[in-house]
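Presented below is the structure to which this report refers.
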Amino acid sequence: MMQLKKLLERAMRVIPCGVNSPVRTFGAVGGRPPFIRSASGCRLTDVDGNEYIDYIGSWGAAIVGHAHPAVTEAVAAALRDGTSFGTPSPLEVGLAEEIVDRVPSVEQVRMVNSGTEAVMSAIRLARAATGRDKIVKFAGCYHGHADAVLVKAGSGVATLGLPDSPGVPAASVESTLVARFNDIDSVESIFDAHAMEIAAVIVEPVAGNMGVVPPASGFLKQLRDLTSRCGALLIFDEVMTGFRVARGGAQTLYGVTPDLTTFGKVIGGGLPVGAYGGASNLMQQIAPAGPVYQAGTLSGNPLAMAAGLATLQQLTDDAYQRLERQSADLADGLSTALNDAGVQAVVQRVGSMLTVFFGAEAVGEFDGAAAADHDRFARFFHALLSRGIHLPPSGYESWFVSLAHDANVIRATVDKARESVREI
Ligand code: KE4
């Protein structure tokens, strides 16, 4: 504990709240986060030598497990040739080809350095391509921290966006309209009022930032039909779902084709990468092919490309079948443990991303997620952490299962969850 205490004191002096991203502070669950020194497979080891089974998975990037030999070796090989050149390089072509091969709606893709950048760029492209300014997002969906999408619904479900953070000028969000996820009527009422001004609807095809909330049957198709009818683009933010819920992402799982897709996490294999892509006629509007400016010093850097490519190459059809089997076993085991303990909760899962909502029977949109018992989740979180299981520290986050979470790890997790529910 001494190492952690000293490190936290040092971190608090030089980094806001000692962390480089807010959710890491355990603010939603209380207590202090362990500082992780290393990770391997599905396990984290903190600076005091404590080991945890990891369900944060670097927020989705570590889908093949931490320090996977193929990824480590690919990065090491690229590293021996230098880190970044600021010129075209072969590895970025390889990763772009792999993305295009997997996602039929993507004919061309541009690499950036985060999901936030990917979303910023996709929205700029949609506005340029349509000549319109307004965008529609959904309460509870998170698309990174660019001004235009740092918005939460005001009262009601379809309202002009309200800034979600100081420093976001009203002017930056007055063109952002907020609807309710899984409620096509809330989207149609926005289009009734603003149809010809809307450049795009952006949606997480499986919501993962209000906890995991799957799309209601037909919802994504309804969004596709409505946007096509009104000349607006449909943007699937697949930063989390991309190559996570299926080989080609959520769009292949649900059979709905967006105009633009954003990616992140998995395609970087733990190194900083984002990307956005779509049909060539759209992507050819991006500079220098076209007038829509977007740039980045480290975009396409060889190390991140090597990590992403090596990760995707591990994600074979067999790998997705294993992820599906292990994740289903975990979800079923958790549901049974909660039910046996008489605890009202629901486990919502798509592929290898899942969330436990306490005090709820089913969650279909943000109000339902907010109404869940987050205090009970916090107690569950700490009961498991004390037993060496590290969940994401918020009831609004997805748990991530990796290829390294084998049957024994899943069984151990369910056993410890069964113990934990008895004390929360
Ligand atoms: P980044 O800028 O954090 O790479 O990506 C932003 C983003 C965009 N779109 C979706 C659907 C996302 O889930 C994210 C980022 N996800 C969070 C996890 N809920 C990142 C964790 C964090 O902010 O520390």
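Throughout, read-outs are computed from the coordinates displayed, never taken from laboratory work. Since the structure is predicted, the reported quantities are computational estimates derived from the model, not experimental observations. Because the Cβ atoms are built from the backbone with ideal geometry, glycine has one as well, and the counts that use them run over all protein chains shown.
Pick from segment 11-26 the residues that are out of contact with any helix residue (DSSP H, G or I) (no Cβ under 8 Å at 6 or more places or on another chain) and loosely packed, with under 14 Cβ neighbours inside 10 Å: which of them is nearest to Phe377 (Cα to Cα)? Across segment 11-26, the extreme among qualifying residues is Pro22.
Would you be able to say whether some residue in segment 397-405 is among the hydrophobic types (A, V, I, L, M, F, W, C), surrounded by fewer than 24 Cβ atoms within 10 Å (Cβ to Cβ) and either under 21 Å from the mean Cα position of the chain (by Cα) or more than 25 Å from Arg43 (Cβ to Cβ) (or both)? Taking every residue of segment 397-405 in turn, at least one turns out to be among the hydrophobic types (A, V, I, L, M, F, W, C), surrounded by fewer than 24 Cβ atoms within 10 Å (Cβ to Cβ) and either under 21 Å from the mean Cα position of the chain (by Cα) or more than 25 Å from Arg43 (Cβ to Cβ) (or both). In segment 283-373, counting only helices (runs of 4 or more DSSP H) that sit wholly within it, the ones holding 1 or more residues that are touching a helix residue (DSSP H, G or I) at 6+ places or on another chain (Cβ under 6 Å) span 302-314, 317-340. Only a single item in (1) assigned to a loop (DSSP other than H, G, I, E, B); (2) under 30 Å from Ala70 (Cβ atoms); (3) out of contact with any His (no Cβ under 9 Å at 6 or more places or on another chain) is not met by Ala412, and it is number (1).
All told, Gly308 meets the bar of being under 30 Å from Arg411 (Cα atoms) and in contact (Cβ under 8 Å) with a residue 24 or more places away in the chain. Within segment 206-222, residues that are of a type in the set (Gly, Ala, Ser) sit with their Cβ atoms under 6 Å from residues that are crowded, with 24+ Cβ neighbours inside 10 Å and part of a loop (DSSP other than H, G, I, E, B), at 6+ positions apart or across chains, in these pairs: Ala207/Phe181; Gly208/Met240; Gly208/Ser398.
Do we have any residue at all in segment 50-61 that's among the polar types (S, T, N, Q) and over 25 Å from Tyr276 (Cα atoms)? The answer is yes; a qualifying residue exists. Note on segment 159-181: among residues that are surrounded by fewer than 22 Cβ atoms within 10 Å (Cβ to Cβ) and of a type in the set (S, T, N, Q), the one that is nearest to the ligand (Cβ to nearest atom) is Ser165.
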